[in-house]
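Heads up: the structure comes next, in structure tokens.
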Amino acid sequence: MTENIDIYKDHGRECLLKVENLSKHYIIAGARLKDKIIIDAVRNISFEVFEGDSLGLIGESGSGKSTAANMIMRLVEPSEGRIYLFGKDITMLDENGMRKFRKDLQIIFQHSNAVLDPKMTIGELLSEPLKIHGIVRDSMINDEVDRLLGMVGLSPAEKVKFPGQMSGGQVQRVIIARAISTRPRIIICDEPVSALDVSVQGQILNLLKSLKDELGLTYVFISHDLKVVRFICNRIAVMRNGEIVEIGTSAEVLGNPSHAYTKQLMESNL
Ligand SMILES: Nc1ncnc2c1ncn2[C@@H]1O[C@H](COP(=O)(O)OP(=O)(O)OP(=O)(O)O)[C@@H](O)[C@H]1O
Ligand SMILES: [Mg+2]
């Protein structure tokens, strides 16, 4: 069933994504055959993301950030709760039903090197989503690929290369170009710089920030690094053991943290 929700609650800004009482329990085999271990990866989380927001999801390793992201993408089946995208309930949609949302909701994965097919050239990798989603006419694809490369600071000459012939920072730029190629409204960035050398992390963060402004994007931005989140996010949700323990504007959460765990995170990030 598709249910419409009130999507214009925040001073006329549209609520693009709403997560309501979302949980994920993984059941894995224990040491003995009949033993079952339940892992509460995400517990009853709720939040809204409004147009133009950059909502930071922070928390230590294993706190459930990627599981939450993957449920929103409908790559992981939620155990309980609901997900609304652009006011439509997408919780139960199958791949076919999700197809029309895929172009508007993109993800940049935590371990993104594995995402690109090593046998495809950069030109092919960028043409693919343009063709699948019919973003431009076939005769315009080559120009559009050049334009996308330019937007992420790469030259058209890179088109002939394979991912293995590029640096980590360049590969991440290609991945960002693919994410923006379908002209999405929301991008979930799951630790988009954590696998990169420190020297290029800042460049990629600057790129993500300027693309957000230029294209009017909305981000859910996952990180365990408070400095990163402070730089790019206007709102922050703090996760611990699968729960959101604190959520508010960046100024509220970082300026006056109310939860002991947030204070602890801030101290350990100094
Ligand atoms: N497929 C799975 N099967 C069983 N348990 C899983 C699975 N995926 C994740 N988990 C568990 O769920 C919990 C949350 O994992 P998740 O990857 O969401 O954390 P995270 O906050 O993204 O961590 P990190 O910062 O290291 O990326 C962890 O305890 C993890 O071991
Ligand atoms: Mg993760």
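Before moving on, here are some points about what is shown:
- All told, R235 falls short of being within 16 Å of ligand 1 (Cβ to nearest atom), within 25 Å of L16 (Cα to Cα) and either touching a His at 6+ places or on another chain (Cβ under 7 Å) or of a type outside the set (D, E) (or both).
- Condition met for A41 (of a type in the set (A, V, I, L, M, F, W, C) and within 12 Å of ligand 1 (Cβ to nearest atom)): yes
- L116 vs. criteria away from ligand 2 (no atom under 16 Å from the Cβ), within 30 Å of K159 (Cα to Cα), surrounded by 17 or more Cβ atoms within 10 Å (Cβ to Cβ) and at pLDDT below 95: yes
- Residue within region 85-108 that is touching a residue at least 24 places away in the same chain (Cβ under 8 Å) and within 16 Å of ligand 2 (Cβ to nearest atom) present: yes
- With respect to (1) away from ligand 1 (no atom under 15 Å from the Cβ); (2) at pLDDT below 95; (3) over 26 Å from A177 (Cβ atoms); (4) touching a Ser or Thr at 6+ places or on another chain (Cβ under 9 Å), the lone exception for R102 is condition (3).
- Across region 169-213, the qualifying residues are those that are over 19 Å from L105 (Cβ atoms) and charged (D, E, K, R), and the one among them that is farthest from ligand 2 (Cβ to nearest atom) is D213.
- Those residues of region 119-154 which are surrounded by 15 or more Cβ atoms within 10 Å (Cβ to Cβ) and part of a loop (DSSP other than H, G, I, E, B), in sequence order: T121, H133, I135, V136, V152, G153, L154
- Whichever residue in region 33-75 is more than 16 Å from the chain's Cα centre (by Cα), within 16 Å of ligand 2 (Cβ to nearest atom) and of a type in the set (V, I, T) and, among such residues, is surrounded by the fewest Cβ atoms within 10 Å (Cβ to Cβ): I39
- Filtered residue count, region 189-221, keeping only those that are more than 16 Å from A179 (Cα to Cα) and either in contact with a Pro (Cβ under 7 Å, 6 or more places away or on another chain) or of a type outside the set (S, T, N, Q) (or both): 6
- All positions within region 54-90 that are of a type in the set (A, V, I, L, M, F, W, C), within 21 Å of H25 (Cβ to Cβ) and within 15 Å of ligand 1 (Cβ to nearest atom): L57, A68, A69, M71, I72, M73, L75, V76
- Taking region 175-270 as the region of interest, the strands (runs of 3 or more DSSP E) fully inside it that hold 1 or more residues being more than 15 Å from the chain's Cα centre (by Cα) are 235-240, 243-249.
- Residue within region 22-32 that is away from ligand 2 (no atom under 16 Å from the Cβ), out of contact with any helix residue (DSSP H, G or I) (no Cβ under 8 Å at 6 or more places or on another chain), modelled with pLDDT under 95 and not aliphatic (A, V, I, L, M) present: yes
The values are calculated or read from the model by the stated rules, or taken from the named source; none is laboratory data. Model, not experiment: these values are computed from the prediction. As a convention, Cβ positions derive from the backbone with ideal geometry for all residues, glycine included, and neighbour counts pool all protein chains shown.
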